[in-house]
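Values quoted throughout were computed directly from the atomic coordinates according to the rules given, and no laboratory measurement underlies them. Quick caveat, the model's predicted, so the values are computed rather than measured. Quick reminder, even Gly has a Cβ in these numbers, built from the backbone with ideal geometry, and neighbours come from all protein chains shown.
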Amino acid sequence: MKNFIKLLSISSLLILSSCSEDFISNTPYTQQVEDNFYQTPADAYKGLIAVYDVLQREGYGGFLMSTEIASDNCYGGFGTADNTESLDWDRFQFIFNKEMNNPVWQTCYIGIYRANVLLEHLDNVEWGADTALRARYEAEARFLRAHFHFELARVFGDIVPLDHTLTEGEYESPRASADVTYALIANDFKFAIENLGSENYSQPNNNNYGRVTKWAAEAYAAKAFLFYTDYYNKPDLAGVISKTQATDYINDVVNNSGHALVDNFASLWVAASVSEAVPYAGEGNTENVFAIRYNSSGNANWNLNEGNRFQVNIAIRGGNIGPYNQGWGGAPVTPALFGAYAPGDTRRDATIIDFAGENLAFDADTRGQRQYTGYAWKKFCPIADVVAGGGGDFQIDNYEDYPVIRFADVLLMAAELNMDSNAGLAQTSLDRVRARAFGDDTHSVAVTKENIMAERRFELALEGQRYFDLIRQDMNTTKAAIDATDMGGEFIQNFRTETQGWLPLPQSQILLSNGAITQNPGW
């Protein structure tokens with residue numbers, strides 16, 4: 001907008017040379033622009049909502065889909081006549097579409113930009129005596145900025161961290177080292193922890209439902225700590241958060257947040273609750289510590305991003321079947337994941353559709369399904385006719401939330417962080433997750449890194465966690481897990497350790513940087 005005003009002013013000067021400088025530099029009176037918008041707390045609130053709004057742009061090619069396909073949970077899938085981008089994610093190739101990862105890059109940087117715009121204008125707002133409100137808005141914006149940076153850093157490795165909006169001379173900035181990026185992430189989460197209240201907004205009847213909390217910030221800081229210290233073999237989170245602090249954060253969430261496990265794992269997911277005839281816990285359940293919220297209010301309006309546009313990608317290809325709604329058949333689940341669950345683990349059938357086991361007559365050839373395995377996502381699979389029957393579009397108006405951090409994830413992080421310092425809490429945390437999964441207290445296993453990682457695989461399957469749990473261990477572990485799903489033929493899997501686990505950057509970003517940014521290794 002500033003550039004637009006500048007160009008408008010120059011053209012006006014050439015055409016209307018008799019006009020004064022006062023005329024061409026006047027502030028616009030009939031429209032709101034960046035320079036005259038941020039004046040009241042209500043303006044700041046709108047700016048904050050604009051940052052939250054970017055969260056809903058999870059869809060084809062986004063963070064969840066591309067990383068689940070890259071993991072040992074899924075193949076590429078989609079239709080036999082569809083493009084082959086999904087196969088490239090699956091096989092660690094970069095052949096057909098050099099922009100295949102642009103949705104992740106673009107979405108995250110839009111979110112970072114909007115957060116920085118708000119943060120840079122907070123001092124222009126007339127807050128009056130309500131300094132606490134200003135601190136809260138800053139904390140929420142910085143939390144969201146950290147979220148977007150963390151997604152980028154886990155997918156691409158070294159990125160361009162931005163704590164301000166870029167000036168013209170910074171458009172060709174190089175990528176920074178990981179310690180610079182993670183120091184920004186850690187400081188943002190730390191500020192959020194220190195400036196958000198102790199409320200729990202998990203219930204939808206709460207006026208602040210869907211907003212981030214201190215508990216979400218503490219859990220996210222612990223997650224960033226575990227990934228960074230494991231992958232980069234560091235003792236702390238970029239010199240900002242120590243292991244003791246990260247452990248204190250996660251223990252605070254366990255003991256004081258008010259979050260808890262719901263009784264039945266299947267009740268967390270719409271499709272699972274329907275297929276297993278158990279009450280749906282609802283999106284506003286106490287287990288969601290931080291979730292991206294969706295609704296079906298878009299009513300088939302493609303200009304809005306209210307609904308969950310990810311769900312159609314993994315839904316059943318070729319039409320409704322049983323209780324499950326139609327979609328594109330992306331990311332079919334590997335038989336290796338289905339077969340890895342132990343007998344009696346209720347999470348398997350709540351996570352994965354087993355076509356044969358559920359007596360669903362699915363003809364892959366007739367439906368044009370590529371890489372049919374007999375298994376599909378039950379988590380996030382939409383239910384037949386619910387959205388369309390309400391006037392929405394099944395492609396864009398699904399409403400199920402995406403839980404970025406559930407309390408079960410918190411418990412497993414607590415088990416991992418407390419192994420050496422508080423073995424009792426570590427064991428109890430792991431036991432709580434397994435007891436819910438098996439419906440009894442007889443399936444306890446020892447708290448070891450290996451057992452925790454296995455538990456994370458089963459508990460958090462298809463939630464965007466598995467690939468990062470693999471690469472933060474080491475490249476050989478990642479390759480062994482992913483390559484083990486290779487069934488031959490069209491199911492080729494070949495993780496390439498030379499990529500160091502990072503996905504390729506969009507080629508357009510390399511070109512736009514004029515050489516300041518180079519492609520990731522192995523690509």
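Principal axis extents of the C-alpha atoms in the chain (largest first, rounded to whole Å): 83, 54, 48.
Please list, in order, the residues from region 52-94 whose amide nitrogen is less than 15 Å from a point placed 7 Å along the Cα→Cβ vector of residue 483. Inside the label zone: 72, 91-92.
Among the chymotrypsin sites (Phe, Trp or Tyr not before Pro) in region 258-334, those located in a DSSP loop and surrounded by at most 12 other Cβ atoms within 10 Å of their own Cβ are 302. This model, with +1 at the C-beta of Lys and Arg and -1 at the C-beta of Asp and Glu, gives the chain a dipole about its Cα centre of some 280 debye. Given a cut-off of 18 Å, what percent of all Cα-Cα pairs of region 170-220 lie beyond it? Value for region 170-220: 48 percent of Cα pairs lie more than 18 Å apart.
The residues packed around residue 507, meaning those with a beta-carbon under 14 Å from its beta-carbon, carry a net charge of -2 if Lys and Arg are +1 and Asp and Glu are -1.
Of the complete DSSP H runs in the chain, those spanning 18 angstrom or more by Cα along the long axis with a mean Kyte-Doolittle score not below -1.0 are 2-15, 41-54, 102-121, 131-156, 178-195, 214-231, 243-256, 423-438. Residue-normalised convex hull volume from the C-alpha trace of region 62-158: 123 Å³ per residue. Stretching the chain fully between residue 498 and residue 170 yields a gain of 115.0 nm (0.36 nm per residue, less the alpha carbon separation).
Rounded to two decimals, the Cα-based Rg/Rh of region 221-262, with Kirkwood Rh, is 1.07.
For residue 398, the residues whose modelled amide H falls within less than 5 Å of its own, excluding neighbours fewer than 5 places apart on the same chain, are 308.
The label-point distance for residue 441 and residue 473, in a model that sets each label 7 Å from Cα toward Cβ, rounds to 3.1 nm. The residue among 485, 465, 520 whose Cα reaches farthest toward the positive pole of the charge dipole of region 442-523, with charges on the beta-carbon of Lys, Arg, Asp and Glu, is 520. Calculated on C-alpha atoms, the gyration radius of region 451-523 divided by its Kirkwood radius gives an Rg/Rh of 1.07. Taking amide hydrogens as placed 1.01 Å from N in the peptide plane, the amide H of residue 292 sits under 5 Å from those of 402, 404, each at least 5 positions away in sequence or on another chain.
On a 19 Å Cα-Cα criterion, which of the cross-link pairs 223/243; 46/190; 46/223; 46/214; 243/449; 190/243 come out too long?
46/190; 46/223; 46/214
Quick check: net charge around residue 438, other residues with Cβ under 15 Å of its Cβ, Lys/Arg +1 and Asp/Glu -1? Every neighbour counted, the sum reads -3. Taken about its Cα centre, region 326-403 carries a charge dipole of roughly 280 debye when the Cβ of each Lys and Arg holds +1 and the Cβ of each Asp and Glu holds -1. Distance from the C-alpha centroid of region 340-399 to that of region 52-122: 22 Å, rounded to the whole angstrom. Pair-distance distribution of region 195-279: all C-alpha pairs, bin width 10 Å, starting at 0; shares per bin in whole percent are 16, 32, 30, 18, 3.
Counting other beta carbons within 10 Å of each residue's own, what order do 147, 259, 443 fall into, fewest first?
In order of increasing Cβ crowding within 10 Å: 443, 259, 147.
Once the chain from residue 361 to residue 451 is taken as fully extended at 0.36 nm per residue, the excess over their C-alpha distance is 28.8 nm. Each of 52, 232, 171 has some number of other Cβ atoms within 10 Å of its Cβ, and from fewest to most they run 171, 232, 52. A helix-only calculation puts the chain at -13500 deg cm²/dmol for mean residue ellipticity at 222 nm, using -39500 (n - 2.57) for each DSSP H run of at least four residues, averaged over all residues. Working note: Karplus 6.51/-1.76/1.60 with θ = phi - 60° gives region 354-360 the couplings 9, 4, 5, x, 9, 6, 9 Hz, where Gly and Pro are set to x. Between 264, 62, 92, the Cα set farthest toward the positive side of the dipole of the chain (charges on each charged residue's Cβ, about the Cα centre) is that of 92. The fraction of Cα-Cα pairs per 5 angstrom bin, counted from 0 for region 66-222, comes to 1, 8, 14, 16, 16, 14, 12, 9, 5, 2, 1, 0, 0 percent, rounded to whole percents. Rounded to the nearest 5, the antiparallel percentage of DSSP beta bridges internal to the chain is 90%.
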